[in-house]
Amino acid sequence: MPLNVLWGYTVFNHVAELPRLFYVVWTVSGVSVVATLFFSWQHVVQNQASLEDRLDKEGHAIKPLHLSLAQTVCTLPSFTAILAFITLFVPATALAMEMVIAIFASIVIGCLTQYALLALGTPPMPKQLMRLTPEKKWWCGSLCGGFAEMTPYFGLCLSRRPHKMTLKGLRLAFRMVEFFIWAFIILSVWNVTQAMVPASVEKVGAWCYSSQFLKAEVEIVTGVAAIWSTFVGSTGLMVISNAVSAAIGEEEDKKIQIKRKVNTGMIYLNLPLLKVLLDIVNTGYPSPTVPYAVSKHTEVGAGGTWTTNGVTLQCPVFDRKVMSNMFYCMLITVLMAHTAYVNKELYPANQTSAREELQIALEARLKLASEAEGEREPLLGDQEATLDGLHSMCM
């Protein structure tokens, strides 16, 4: 169904005509939206109440970056769920909704990635912590001891032998996440732009289609691009998650939960793949229908008058394309409810952020490493370490 045919159509005036499946979809989505709003805003309001006093006490003019990132991650699920729920009643807004959700999802993924990398502290601490990561084939699949589950072939070039994670590797993983973010947004914008191009509507059998040049080929290319970007982004996110967790010794302190926080981004990251899979589902209803006038011939008369004739197509509203959007919106609301609940656990209200726990873990990690190496102070600079070595030799 070309969505431009559905402009002005809402389900409120056609409730009696709708299939019974929609009552299930509305119920599931409605409960999910209420749960999302409850978990998200209860958490945000409680954190905000204690935030102002903390900022005044510590002397901050504005919120620190890590607090802003955490608050963004906890807030956006509610807006995303509301947008998806509205689309269930106004099908013509589906593509615009997908574009906005792509932007929201990209913001959350970017925030989670930066949140994880900020946990490594300020330079040169990230470089020092990377020396504490275990030797693994990071860019291989899990069967080979790595974390690139979606793109194990990267291991052929980047992890032929076990090695410690490096800053260059972290930057590469971050660029892979960036690639997904831009690809997700660009593909969503492309879908909206393509739908805005005027195209004739024709009816084949019981269904209506828009006649666009190379439409099938373009859909295949965009689908493959969406799947590929998901694979690349998943690899980058998993490598960052496991590298940061290993560097700060998260296994020794369950309160930090950096890996769990970052892994919540996998829900957003798999949205393009979810949409591609739902587009394959062949589900549609021949009724209700909306009339669409197609002009066949127009005659211009004297004085600027004109006459036209044509046919009126009765186009089913909920064909395969529209039903794919409906299922996508319902699943979005369910996933956002789950995300909001998990975020409430990962960012508890009595704790504005896990920054303190992260710093304590970093200090303990570096102290243990320096004691194991027999250094006088934790991870001294190269020059001071060399002087200490020469001094001990002279003694």
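How would you order 215-224, 85-94 from highest to lowest mean count of nearby Cβ atoms within 10 Å?
The most tightly packed comes first, giving 85-94, 215-224.
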- Query: So which of K164/K261; K203/K296; K275/K344 end up more than 18 Å apart by C-alpha?
  - Reply: K164/K261; K275/K344
- Three principal axis extents, largest first, for the C-alpha atoms of region 4-82, in Å? 60, 27, 17
- Message: Largest first, please: the extent of the C-alpha atoms of region 129-204 along each principal axis, to the nearest Å.
- Response: 61, 27, 15
- Query: Using the Kirkwood formula over every pair of different C-alpha atoms, what hydrodynamic radius in Å results for region 6-147?
  - Reply: 19.2
- Message: Order 113-120, 338-345, 299-306 from most to least packed using the mean count of other Cβ atoms within 10 Å.
- Response: 113-120, 338-345, 299-306
- Message: Taking θ = phi - 60°, what integer Hz values does the Karplus form 6.51 cos²θ - 1.76 cosθ + 1.60 yield along region 130-139, in sequence order, with x for Gly and Pro?
- Response: 5, 5, 8, 6, x, 7, 9, 8, 4, 8
- Note on the structure: Once phi for every residue in region 277-284 is put through the Karplus expression 6.51 cos²θ - 1.76 cosθ + 1.60 (θ = phi - 60°), the whole-Hz ³J(HN,Hα) values, with Gly and Pro written as x, are 5, 5, 5, 7, 5, 9, 10, x
- Query: Amide H to amide H, which residues 5 or more places from K137 or on other chains are under 5 Å from it, using H placed in the peptide plane?
  - Reply: H163
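How do the peptides 272-279, 7-14 rank, highest first, by the average count of neighbouring beta carbon atoms within 10 Å per residue?
272-279, 7-14
Computed from the coordinates by the stated procedures, all read-outs in this text should not be read as laboratory data. If you're wondering where the values come from, they're calculated on a predicted model, not measured in any experiment. Neighbour counts are summed over all protein chains in view; Cβ atoms, including those assigned to glycine, are modelled from backbone coordinates with ideal geometry.
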